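The values are calculated or read from the model by the stated rules, or taken from the named source; none is laboratory data. Remember, it's a predicted structure, so these values are computed and weren't measured experimentally. Using ideal geometry, Cβ is built from the backbone for each residue, glycine included, and neighbour counts are taken over all protein chains shown.
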Amino acid sequence: MSDLLKKLRSKIESETRISEDEAQALFESNDLLGIGELAALANRNKNDDKVFFNVNRHINYTNVCVNRCAFCAFSKEDGEKGGYTLALKDIRTRAMEAADAGATEIHMVGGLHPDLPFEFYLEMLEAIKQVRPQLHIKAFTAVEIDYFSEVAELSIERVVELLKQAGLDSMPGGGAEILRQKVRDRLCSEKISGDRWLEVTELVHGAGLRSNATMLFGHIEQYSDRVDHLRRLRELQDRTGGFQTFIPLAFQPENTRIQGATGVGGVDALKTLAISRLYLDNFQHVKAYWVMLGLKIAQVALAFGVNDLDGTVVEEQIGHDAGADSPQALSKQQIIEMIRKAGRIPVERDTLYNEIRTY
Ligand code: V47
Ligand code: SF4
């Protein structure tokens, strides 16, 4: 074992934080198994052998977006072929189908539509709660919430208050991408800054809602940009405690405007998940989002510090439009089998990590 890993082992055992320089050194190390073993230890100390999943359904209410990020194959210009916006009745139907198939959560995000009024977003939440009030609605990233405040000419605090009244229960982790501005300038120049993403998230936590955090990796960023991203998330979590889960999203390059990107390899994916677990000591959960990772890497990730496999998803567009070769949906039984065959204990959870059933 290298001197670095020996030192980090004693840090993990004594619950001492690892530094940015140490995280950087881990990214530069080729000792994948050593890093994974340490991350598995850190995870076991927090979560034992449990691996969480949920029964959920994704709804992407529109793909029309004014931002047109270079890495996004999902969005369309207003009026472009293939652009769509779901009607409220479609949202209701999807919510009913989801709940009747055992879902406890709707995960709903979309593009920044140039014309929809703020009331539309409130009506979508109300429509879901009208037909299936028991569903938890995890919806709208910090990017969308910032946009709503512009559209409605209201403060973030007021927007979140109105969304909560209409049925919003928590916020997903999208839109963080890579927080460092020099990367954003090339990746998503129209999107809110990394600082603004953190600021909106802090306000959402202040309003009593939990959220997740993501990191889109494997495009044009350097390891140091990933470390900077993790540092900023750890600092915000120290202040608010509002994050539940960290989700590294493996970049899918097809149909995007990122030149020369070939996609994330298995080694980089596992290393990134493991280092996230080691560095983010104040996050309880690290999720392997199987849609972007593929099922095999997501399963192996369970030996690299991961304790969550996301959910059944049902219908996924963002990753699949960019060439993800994972299935559209998984059944509960498939997820349970993936976890069992990794020698771990499958636990169905709700969005807030209340345990529903152990299998
Ligand atoms: O913000 C866009 C990413 C995100 C691509 O909070 C891409 O539980 C890979 O945030 N390749 C949306 N990723 C998805 C997301 C998410 C997913 C699952 C669970 C949760 C959660 C959140 O997808 C976007 C962006 O970062 N994305 N294009 C792409 N080509
Ligand atoms: Fe729009 Fe989101 Fe796609 Fe960027 S990632 S273009 S904000 S839908």
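Of the residues GLY241, GLY208, GLY194, GLY174, which is within 15 Å of the chain's Cα centre (by Cα) and either at pLDDT 95 or above or within 25 Å of ALA301 (Cα to Cα) (or both)?
Details: GLY241 fails: within 15 Å of the chain's Cα centre (by Cα); GLY208 fails: within 15 Å of the chain's Cα centre (by Cα); GLY194 fails: within 15 Å of the chain's Cα centre (by Cα).
Checking each option against the conditions leaves just GLY174.
Restricting to region 288-325, what's the tally of residues that are surrounded by 24 or more Cβ atoms within 10 Å (Cβ to Cβ) and in contact with a Phe, Trp or Tyr (Cβ under 7 Å, 6 or more places away or on another chain)?
Residues that pass the stated criteria total 5.
Residue under question is ALA142, and the condition is that it be more than 19 Å from ILE91 (Cβ to Cβ) and either among the small types (Gly, Ala, Ser) or at pLDDT below 95 (or both); does it hold? Can you show your working first?
On the way: more than 19 Å from ILE91 (Cβ to Cβ): yes; either among the small types (Gly, Ala, Ser) or at pLDDT below 95 (or both): yes.
Yes, satisfied.
Would you be able to say whether some residue in region 120-132 is out of contact with any helix residue (DSSP H, G or I) (no Cβ under 8 Å at 6 or more places or on another chain), among the β-branched types (Val, Ile, Thr), farther than 19 Å from SER170 by Cβ and at pLDDT 95 or above?
no
So which residues in region 1-36 are in a helix (DSSP H, G or I), in contact (Cβ under 8 Å) with a residue 60 or more places away in the chain and farther than 15 Å from ALA274 by Cβ?
Once the filter is applied, which keeps residues that are in a helix (DSSP H, G or I), in contact (Cβ under 8 Å) with a residue 60 or more places away in the chain and farther than 15 Å from ALA274 by Cβ, region 1-36 yields only GLU20.
So which of ALA98, ALA103, ALA39 is in contact with a strand residue (DSSP E or B) (Cβ under 6 Å, 6 or more places away or on another chain) and part of a helix (DSSP H, G or I)? Before the answer, list the steps.
Working: ALA103 fails: part of a helix (DSSP H, G or I); ALA39 fails: in contact with a strand residue (DSSP E or B) (Cβ under 6 Å, 6 or more places away or on another chain).
Only one candidate qualifies: ALA98.
Take the residues in region 114-161 that are under 24 Å from the mean Cα position of the chain (by Cα) and polar (S, T, N, Q); name whichever of them is surrounded by the fewest Cβ atoms within 10 Å (Cβ to Cβ).
GLN134
If PHE74 meets every condition in (1) closer than 24 Å to HIS219 by Cα; (2) assigned to a strand (DSSP E or B) apart from one, which number is that one?
(2)
Could you check how many residues of region 212-264 are more than 16 Å from ligand 2 (Cβ to nearest atom), in contact (Cβ under 8 Å) with a residue 24 or more places away in the chain and among the small types (Gly, Ala, Ser)?
Number satisfying all stated conditions: 4.
For region 259-359, which helices (runs of 4 or more DSSP H) that fit wholly inside it have 2 or more residues that are of a type in the set (D, E, K, R)? Explain how you work it out, then say what you get.
Working: elements: 266-279, 290-293, 295-300, 318-321, 332-340.
By residue number, 266-279, 332-340.
Please pick out the residue among VAL286, VAL291 that is among the aliphatic types (A, V, I, L, M), within 12 Å of ligand 1 (Cβ to nearest atom) and within 21 Å of ILE59 (Cα to Cα).
Details: VAL286 fails: within 21 Å of ILE59 (Cα to Cα).
Exactly one residue qualifies, and that residue is VAL291.
Take the residues in region 161-196 that are touching a Phe, Trp or Tyr at 6+ places or on another chain (Cβ under 9 Å), away from ligand 2 (no atom under 13 Å from the Cβ) and assigned to a helix (DSSP H, G or I), then tell me which one is farthest from LYS138 (Cα to Cα).
LEU162
Filter region 58-100 down to the residues that are aromatic (Phe, Trp, Tyr), within 16 Å of ligand 1 (Cβ to nearest atom) and out of contact with any Asp or Glu (no Cβ under 7 Å at 6 or more places or on another chain) and list them by number. Reasoning before the result, please.
Going through region 58-100, the residues aromatic (Phe, Trp, Tyr) turn out to be 61, 71, 74, 84.
Then drop every residue that is not within 16 Å of ligand 1 (Cβ to nearest atom), which leaves 61, 71, 74.
TYR61, PHE71 - these are the residues of region 58-100 that are aromatic (Phe, Trp, Tyr), within 16 Å of ligand 1 (Cβ to nearest atom) and out of contact with any Asp or Glu (no Cβ under 7 Å at 6 or more places or on another chain).
If you check PHE148 against the conditions, is it touching a helix residue (DSSP H, G or I) at 6+ places or on another chain (Cβ under 7 Å), of a type in the set (Phe, Trp, Tyr) and within 14 Å of ligand 2 (Cβ to nearest atom)? Lay out the reasoning, then the answer.
Values: touching a helix residue (DSSP H, G or I) at 6+ places or on another chain (Cβ under 7 Å): yes; of a type in the set (Phe, Trp, Tyr): yes; within 14 Å of ligand 2 (Cβ to nearest atom): yes.
It is true that PHE148 is touching a helix residue (DSSP H, G or I) at 6+ places or on another chain (Cβ under 7 Å), of a type in the set (Phe, Trp, Tyr) and within 14 Å of ligand 2 (Cβ to nearest atom).
Quick one: would you say ALA39 is away from ligand 1 (no atom under 15 Å from the Cβ) and within 23 Å of the chain's Cα centre (by Cα)? Break it down into steps so the answer makes sense when it comes.
Values: away from ligand 1 (no atom under 15 Å from the Cβ): yes; within 23 Å of the chain's Cα centre (by Cα): yes.
Taking the combined requirement at face value, the residue satisfies it.
Six or more apart or on different chains, Cβ atoms under 6 Å: show the pairs whose first residue is in region 56-69 and outside any strand (DSSP E or B) and modelled with pLDDT under 95 and whose second is within 11 Å of ligand 1 (Cβ to nearest atom) and hydroxyl-bearing (Ser, Thr, Tyr).
Cβ pairs passing all conditions: ARG68/SER75.
Which members of region 180-203 meet the condition of being closer than 14 Å to GLY242 by Cβ and hydrophobic (A, V, I, L, M, F, W, C)?
Looking only at region 180-203, we keep the residues that are closer than 14 Å to GLY242 by Cβ, and these are 197-203.
Result: TRP197, LEU198, VAL200, LEU203.
Check region 197-216 and report whether any residue there is crowded, with 21+ Cβ neighbours inside 10 Å, within 13 Å of ligand 1 (Cβ to nearest atom) and part of a loop (DSSP other than H, G, I, E, B).
No, region 197-216 contains no residue that is crowded, with 21+ Cβ neighbours inside 10 Å, within 13 Å of ligand 1 (Cβ to nearest atom) and part of a loop (DSSP other than H, G, I, E, B).
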